[in-house]
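Read the structure below first, then the notes.
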Amino acid sequence: MRLSQPRVGSDPSVKGLNFSDAADQTLLRTLQRGECNIRGWRRADLLARLAISPPAMSRQLRRLHLLGMIKKVAHTYRYHLTRLGRAAIAAACSLTRFNIVPAMATTR
């Protein structure tokens, strides 16, 4: 998946998403919440829901924007998920929920 690969050599370099990382999963699931689908969300909205510092949140939003997962609404401070972002988050969540977690439960 191209979203999980780092983009080195491009200007600027971008770290890929790790869909099995708890911090990345929490961020992606927060972006997927339905209450922000119409108006979008602001950085402040995400800061209220996540335990992350404001500079780190700005870096995460910039990374997601460079990967093509989110887009900024013109003349506002709001963001929306792109089609790629919605599809990638849905696939990652379902893969984790239906394949990885049951497989880990059977190995114990």
> Rounded to the nearest 500 deg cm²/dmol, what is the calculated helix-only ellipticity per residue at 222 nm for the chain, with -39500 (n - 2.57) per DSSP H run of length n ≥ 4?
Replying inline: -14000 deg cm²/dmol
> Once Lys and Arg get +1 and Asp and Glu get -1 on their Cβ, which of Asn18, Ile38, Ser94 lies farthest toward the positive end of the dipole of the chain?
Replying inline: Ile38
> For segment 51-92, what is the largest minus smallest coordinate of the Cα atoms on each principal axis, given in angstrom and ordered from greatest to least?
Replying inline: 28, 27, 16
>> Taking the Cα centre as origin and putting +1 on Lys and Arg beta-carbons and -1 on Asp and Glu beta-carbons, what dipole magnitude results for the chain, to the nearest 20 debye?
In response: 240 debye
> Stretch Ala23-Thr76 to full length: gain in nm at 0.36 nm per residue minus the Cα-Cα span?
Replying inline: 16.4 nm
> Along the three principal axes, how long is the chain when you take its alpha carbons, biggest first, rounded to the nearest angstrom?
Replying inline: 50, 37, 27
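Values quoted throughout were computed directly from the atomic coordinates according to the rules given, and no laboratory measurement underlies them. Given the structure is predicted, the values throughout are model-derived calculations rather than measurements. We place every Cβ from the backbone using ideal geometry, glycine too, and count neighbours over all the protein chains shown.
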